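Colleague: There's a structure below that I have some questions on.
The values are calculated or read from the model by the stated rules, or taken from the named source; none is laboratory data. Just so we're clear, the structure is a prediction, and the values are computed from it rather than from any experiment. A quick note on method: Cβ atoms are made from the backbone with ideal geometry, for glycine too, and the neighbour counts reach across all protein chains shown.
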Amino acid sequence: MSKGSPVTTSKTPASSKTASQAGKAPARAAAAPEKAPAAKAPAPGASGKAKRKADEPPAAAPPVPPAAAPPLVRPELSAIALEASSRVKRQRVLDVIIPQSTSSRMAEAARASVWAISSEKTTIQFEAAEAAAEAAEVRRSEGLVADDAPALKEALRRSPRDLFAFMREELERPEDDPRDPHGLWRRAHKRLRHELSPPPAPDELERLEARLGAQLPPSYWDFSLEWGGGLLFVHEFGAIRLVPALELHGELRGPLCGRMVRPYLPVVDLGCGDYLALDMARESKTGEHPLVWWYGGEVKKKVADSFVAWLKRLVETQGQPFWWES
């Protein structure tokens with residue numbers, strides 16, 4: 001270099017240097033391994049426990065389990081499971097004690113709707129009718145004979161022995177007997193299986209015999225001195241009504257007037273105009289009269305040899321109409 005020549009300095013342009021550094025930065029970032037976050041340094045004067053906790057590496061995140069594949073369900077197995085679940089649900093419904101039937105709830109809903117649009121005068125009439133019905137039900141239930149009534153005294157019986165021990169056992173049977181298919185309905189409607197009235201006095205039965213012009217069979221006499229008629233095997237479709245002895249004459253003069261004539265005496269009302277009647281023209285050596293089925297205005301067939309024989313079989317069959325059998 002000559003003394004007079006100017007000194008030439010070669011400098012790299014700033015733009016090209018910045019571009020080269022920018023090109024190397026991604027390469028270094030890709031080559032550098034990923035570093036875990038540095039642990040926080042313990043504070044000066046920290047305890048040994050805090051220092052050990054600071055030296056521990058951070059806990060790794062738990063691994064994510066792979067998604068489980070949906071189970072393969074065979075159509076026939078799913079149908080069996082559905083049927084089993086339906087049976088279980090149905091059994092659960094049957095096991096529930098329903099205090100009120102669906103029809104009763106619908107009737108109450110309809111009643112509430114009628115009341116909502118009724119006048120005050122109509123509402124008062126409804127309330128009076130319901131109060132009268134409740135009072136009549138209270139009188140009827142209070143007038144029923146007790147289940148633990150004592151047996152008839154021997155001096156009053158016309159039979160040589162006690163014939164109705166089986167009936168007293170039946171009256172003492174629990175109302176919630178699981179074998180009774182109508183027990184749930186009776187508990188929901190506050191009814192009893194057997195609803196019998198108190199008996200009349202012996203002199204009243206004697207006056208009835210004088211009025212009828214016939215002597216009552218021994219078994220029916222004894223029964224009438226223990227129970228004064230009533231309802232047997234009450235259920236949601238009806239009951240078997242034992243005509244009270246003191247109402248026999250009124251039954252012949254009332255609903256059976258001109259239809260049932262001598263020698264038949266209606267002692268059991270089956271409903272729908274059917275009766276079981278004592279055939280007073282036929283008498284056994286023990287003084288009993290057979291019981292016949294009076295159906296459609298005429299005698300259908302003989303049902304039992306006596307009133308007590310019919311009642312005993314009725315209790316054995318739990319209220320089933322065995323006289324329908326051919």
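Colleague: Considering only the range 183-198, I want to know if a residue exists there that is under 17 Å from A155 (Cβ atoms) and either surrounded by fewer than 17 Cβ atoms within 10 Å (Cβ to Cβ) or not hydrophobic (A, V, I, L, M, F, W, C) (or both).
Modeller: No, because not a single residue in the range 183-198 is under 17 Å from A155 (Cβ atoms) and either surrounded by fewer than 17 Cβ atoms within 10 Å (Cβ to Cβ) or not hydrophobic (A, V, I, L, M, F, W, C) (or both).
Colleague: Another question, then. For the range 293-306, which residues satisfy the criterion of being aliphatic (A, V, I, L, M) and either in contact with a helix residue (DSSP H, G or I) (Cβ under 9 Å, 6 or more places away or on another chain) or closer than 15 Å to E325 by Cβ (or both)?
Modeller: Listed by number, the residues that qualify are V303, A304.
Colleague: Just to be sure I understand the filter: pairs with C-beta atoms under 7 Å, separated by 6 or more residues or on different chains, first member in the range 300-326 and free of Cβ contacts under 8 Å to residues at least 60 places away in the same chain, second member hydrophobic (A, V, I, L, M, F, W, C) and in a helix (DSSP H, G or I). Which pairs pass?
Modeller: Taking only residues 6 or more apart or on different chains, the pairs are V303/W310; V303/W323; A304/W310; R313/F322.
Colleague: Follow-up. If you go through the range 248-292 one residue at a time, how many are among the basic types (K, R) and under 18 Å from S219 (Cα atoms)?
Modeller: 2
Colleague: Within the range 234-258, which residues are of a type outside the set (A, V, I, L, M), touching a strand residue (DSSP E or B) at 6+ places or on another chain (Cβ under 9 Å) and closer than 16 Å to G296 by Cα?
Modeller: P255
Colleague: Continuing with the same structure: For residues in the range 267-292 being under 23 Å from P160 (Cα atoms) and charged (D, E, K, R), which is surrounded by the most Cβ atoms within 10 Å (Cβ to Cβ)?
Modeller: Looking at the filtered set, the residue picked out is E288.
Colleague: Please go through the range 175-216 and give me each residue that is of a type in the set (D, E, K, R), closer than 30 Å to R262 by Cβ and touching a residue at least 12 places away in the same chain (Cβ under 8 Å), ordered by number.
Modeller: If the condition is that a residue be of a type in the set (D, E, K, R), closer than 30 Å to R262 by Cβ and touching a residue at least 12 places away in the same chain (Cβ under 8 Å), then E204, R211 are the ones that fit.
Colleague: Related question: Give the residues of the range 145-177 that are of a type outside the set (D, E, K, R) and at pLDDT 85 or above, sorted by residue number.
Modeller: Within the range 145-177, A155, L156, S159, P160, L163, F164, A165, F166, M167, L171, P174 qualify.
Colleague: Within the range 293-320, count every residue that is over 15 Å from L216 (Cα atoms), more than 37 Å from the chain's Cα centre (by Cα) and surrounded by 13 or more Cβ atoms within 10 Å (Cβ to Cβ).
Modeller: 3
Colleague: What are the residues in the range 162-172 that are under 10 Å from D222 (Cβ atoms) and either charged (D, E, K, R) or touching a strand residue (DSSP E or B) at 6+ places or on another chain (Cβ under 9 Å) (or both), if any?
Modeller: Across the range 162-172, the qualifying residue is only D162.
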